[in-house]
Amino acid sequence: MPDNTGKETIFERRLMRERAARKQAEHLLEEKSRELYSSNKELLRLAQNLEGLVEERTAELKEARDQAMAASRSKSSFLANMSHEIRTPMSGVIGMAELLLGSPLSAEQRQQVRVILESGKALLTIINDILDLSKLESGKFHLVIEDFDLFDVLDNVVDVLAIPAEEKHLELGAIPSEGLPDRVRGDPVRLRQVLLNLVGNAVKFTDQGDVRVEVRVEEHEADHPLRLRFDVVDTGPGIPPKDHSLLFSKFSQLDEGRVPKHHGTGLGLAISKNLVECMGGEIGLRSQPGQGSRFWFTVALEKPEVELTRRPRIPEGIRAALFTRNRFQMESVLAHLRSLNVDVEVIGESESLSGILRGGRERGEPFHLLITDSPEPSVTAGKPQLLQGLELDGDSISRASPDWIDSRGSGETGPWGVRLTRPVTRQKLLDALLPAVPAADPGFTSTEGEQVATSRHVLLVEDVFSLQLVAKAKLERLGYTVDVVGDGREAVEAVRNGEYGLVLMDIQLPQLDGLSATREIRKLIDPAKASTPVIALTANAMKGDAEAYLATGMNGYLAKPIDNQQLEAALERWFVGPGASR
Ligand code: ADP
């Protein structure tokens with residue numbers, strides 16, 4: 001059966017081939033399985049490794065973050081310490097230069113001392129700017145909220161910038177709108193800082209015309225009882241709209257030929273923006289080249305906690321006649337008089353003053369005051385008889401000095417009554433009007449019976465000798481008698497055994513620091529002594545500290561170097577009392 005055999009052979013061969021192929025496939029499969037197994041194993045190992053690596057990196061990152069946070073904390077405390085360390089010697093330099101200016105010097109020496117003083121102040125401004133910005137950016141910034149007098153802040157800004165404005169023959173003044181509250185609650189130091197910045201810039205960049213500070217109550221939402229809007233308007237070079245948003249970023253100065261080269265860090269507006277936002281407001285600008293600038297901002301304020309009327313009040317029904325050809329002064333004085341509830345009649349240039357005064361009398365609405373910058377007693381020419389007429393009639397009218405617009409600073413009063421100097425502020429108007437108006441209410445009343453000191457005797461607690469000299473001289477110049485002690489322990493003893501109207505207390509002191517010394521004073525047995533007002537003197541720029549001072553029982557604080565006006569304001573606040581402060 002050859003055929004069959006042949007077939008079998010073919011079949012067997014195929015079978016063998018297939019078997020071989022299957023074996024090979026199985027072999028391959030086995031090999032691949034082994035490879036897969038070892039790859040899996042490798043993968044597992046890698047995964048474990050990766051987890052380990054991730055853990056390791058996480059730990060490293062955590063450490064880096066902790067280190068960064070520690071670095072930021074130490075940067076903040078470094079800044080606080082630096083500010084203290086720089087401000088203390090700067091206080092000495094500035095204070096001594098101020099004292100030196102008050103002594104007999106040759107013209108050349110006087111000029112040299114002025115340069116020391118101005119350079120010191122400029123350096124201090126830069127240090128303060130840098131500190132403020134780093135505090136604002138690190139979120140370590142706190143507002144210090146207290147009741148304050150809005151007009152004190154406005155007056156102060158105008159007073160501080162009066163001389164630079166006068167040097168450039170600029171008109172400067174606030175234009176408060178009617179219905180503006182006197183007392184509000186917020187952070188007066190920071191509000192003043194923003195205003196000084198904007199008004200300072202306006203004076204710096206304007207060469208001709210005027211700088212006005214308009215203030216009004218803004219429509220407000222329900223969550224805040226009071227929102228104020230301030231507009232600082234100048235007649236300076238103006239700013240192209242494309243630059244407006246750039247202005248509020250750090251280190252930006254845009255001049256490049258637009259305005260003459262000037263000094264500045266370029267931080268002022270960036271700080272102002274941050275501060276305004278902290279105070280719940282907004283800041284902005286309207287300006288065109290050649291049309292001046294209007295920088296505006298809003299702030300959210302509260303109603304005061306204590307309704308305190310320390311100011312003397314102008315009695316109801318006082319009528320004043322106002323004449324000036326200076327439109328800016330007219331507007332500013334008018335707005336201020338109205339804010340004091342004085343009924344004002346503006347006299348036009350063509351009007352006869354005597355006619356107006358007589359008319360008032362005949363209507364039974366006599367004028368109590370004439371406020372004018374006219375050098376003649378009669379506003380219009382040819383009426384010199386007016387003065388005689390008034391005197392002959394026994395008219396009780398009081399006249400503000402005719403040169404109130406032209407002269408400044410002398411504080412003189414003459415036969416014309418009271419002299420007012422430019423720029424007019426609310427305080428100057430009050431000082432001028434009070435002696436002139438009949439039966440003025442001396443004011444100084446408190447609805448809360450807050451303690452008012454009457455002794456003009458001050459205890460100064462300061463350990464640095466140069467600063468003792470500076471502060472003592474400043475206080476004596478303001479008419480106070482001063483005792484000086486150098487540490488906290490002596491301070492407590494001095495208050496126990498003496499009669500002080502106020503204590504000015506440094507914080508960092510040997511023996512017993514200022515806070516502990518204040519606590520000790522508050523524990524004294526004699527209640528009058530235990531409640532002696534204590535004002536902290538601090539070179540520490542970190543304002544969060546101020547709250548700590550107040551919490552310890554201090555009544556306020558003054559930053560070193562001591563600013564003359566702030567010192568005077570703080571003293572007046574605690575030394576008011578009939579006959580005490582005037
Ligand atoms: P600094 O005054 O220190 O330079 P600011 O941030 O206060 O810094 O101002 C930034 C820039 O904005 C100024 O350098 C100036 O170019 C411009 N600027 C600010 N205020 C005015 C203004 N009232 N009129 C014209 N330019 C102004």
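The values are calculated or read from the model by the stated rules, or taken from the named source; none is laboratory data. Owing to the predicted nature of the structure, the values given are computational and were not obtained by experimental measurement. Don't worry about glycine lacking a Cβ; one is built from the backbone with ideal geometry, like all the others, and counts go over all protein chains shown. Please note that ligands, DNA and RNA were not included when accessible areas were found on the heavy atoms of the full protein model with its side chains. Shrake-Rupley method; radii C 1.70, N 1.55, O 1.52, S 1.80 Å.
Of Ala64, Ala122, Ala107, Ala47, which residue is at pLDDT 90 or above and under 59 Å from the mean Cα position of the chain (by Cα)? Write out each step before concluding.
Details: Ala122 fails: at pLDDT 90 or above; Ala107 fails: at pLDDT 90 or above; Ala47 fails: under 59 Å from the mean Cα position of the chain (by Cα).
Among Ala64, Ala122, Ala107, Ala47, only Ala64 is at pLDDT 90 or above and under 59 Å from the mean Cα position of the chain (by Cα).
What pairs can you find where one residue is in the stretch 459-487 and farther than 16 Å from Ile521 by Cβ, the other is in a strand (DSSP E or B) and open to solvent by 20 Å² or more (accessible area, probe 1.4 Å), and their Cβ atoms are less than 6 Å apart, with a gap of 6+ or different chains?
Sorted first by the residue in the stretch 459-487, then by its partner, the pairs are Gln468/Val484; Lys472/Val484; Thr481/His457.
Report yes if Leu150 is at pLDDT 90 or above, away from the ligand (no atom under 14 Å from the Cβ) and open to solvent by less than 10 Å² (accessible area, probe 1.4 Å), otherwise no.
On the way: at pLDDT 90 or above: yes; away from the ligand (no atom under 14 Å from the Cβ): yes; open to solvent by less than 10 Å² (accessible area, probe 1.4 Å): yes.
It is true that Leu150 is at pLDDT 90 or above, away from the ligand (no atom under 14 Å from the Cβ) and open to solvent by less than 10 Å² (accessible area, probe 1.4 Å).
Can you confirm whether the stretch 164-174 contains a residue that is out of contact with any strand residue (DSSP E or B) (no Cβ under 9 Å at 6 or more places or on another chain), basic (Lys, Arg) and touching a residue at least 24 places away in the same chain (Cβ under 8 Å)?
yes
If we scan the stretch 69-89, do we find a residue that is among the aliphatic types (A, V, I, L, M) and at pLDDT 85 or above? I'd like the intermediate steps shown before the answer.
Kept after step one, since they are among the aliphatic types (A, V, I, L, M), are these residues of the stretch 69-89: 69-71, 79-80, 82, 86.
Among the residues that remain, those that are also at pLDDT 85 or above are: none.
For the stretch 69-89, residues among the aliphatic types (A, V, I, L, M) and at pLDDT 85 or above: absent.
Please specify each residue of the stretch 92-127 satisfying the condition of being open to solvent by 40 Å² or more (accessible area, probe 1.4 Å) and within 22 Å of Ile271 (Cβ to Cβ).
Matches in the stretch 92-127: Glu118, Ser119, Lys121, Ala122, Leu123, Thr125, Ile126.
So for the stretch 338-354 (the condition being more than 16 Å from the ligand (Cβ to nearest atom), farther than 24 Å from Pro423 by Cβ and open to solvent by less than 30 Å² (accessible area, probe 1.4 Å)), does at least one residue qualify? I'd like the intermediate steps shown before the answer.
Just the residues of the stretch 338-354 that are more than 16 Å from the ligand (Cβ to nearest atom), to begin with: 338-354.
Imposing the further condition that a residue be farther than 24 Å from Pro423 by Cβ reduces the set to 350-354.
Adding the requirement that they be open to solvent by less than 30 Å² (accessible area, probe 1.4 Å) leaves 353-354.
Yes, the stretch 338-354 contains at least one residue that is more than 16 Å from the ligand (Cβ to nearest atom), farther than 24 Å from Pro423 by Cβ and open to solvent by less than 30 Å² (accessible area, probe 1.4 Å).
Residues that are surrounded by fewer than 18 Cβ atoms within 10 Å (Cβ to Cβ): which strands (runs of 3 or more DSSP E) entirely in the stretch 155-218 hold 3 or more of them? Write out each step before concluding.
Working: elements: 171-176, 183-186, 210-218.
Result: 210-218.
Just give me the residues in the stretch 471-518 being open to solvent by 10 Å² or more (accessible area, probe 1.4 Å) and aliphatic (A, V, I, L, M), in sequence order.
Correct list: Ala473, Leu478, Val482, Val484, Val485, Ala494, Ile507, Leu509, Leu512, Leu515.
Can you find, within the stretch 302-351, the residue that is nearest to Asp210 (Cα to Cα) among those that are at pLDDT 85 or above and assigned to a strand (DSSP E or B)?
It comes out as Val346.
Considering only residues that are near the ligand (Cβ under 7 Å from one of its atoms) and open to solvent by 30 Å² or more (accessible area, probe 1.4 Å), look in the stretch 263-301 and name the one that is modelled with the highest pLDDT.
Residue satisfying both the conditions and the ranking: Thr265.
Restricting the search to the stretch 231-254, which residues are modelled with pLDDT under 90, open to solvent by 20 Å² or more (accessible area, probe 1.4 Å) and within 6 Å of the ligand (Cβ to nearest atom)?
Ser252, Gln253, Leu254
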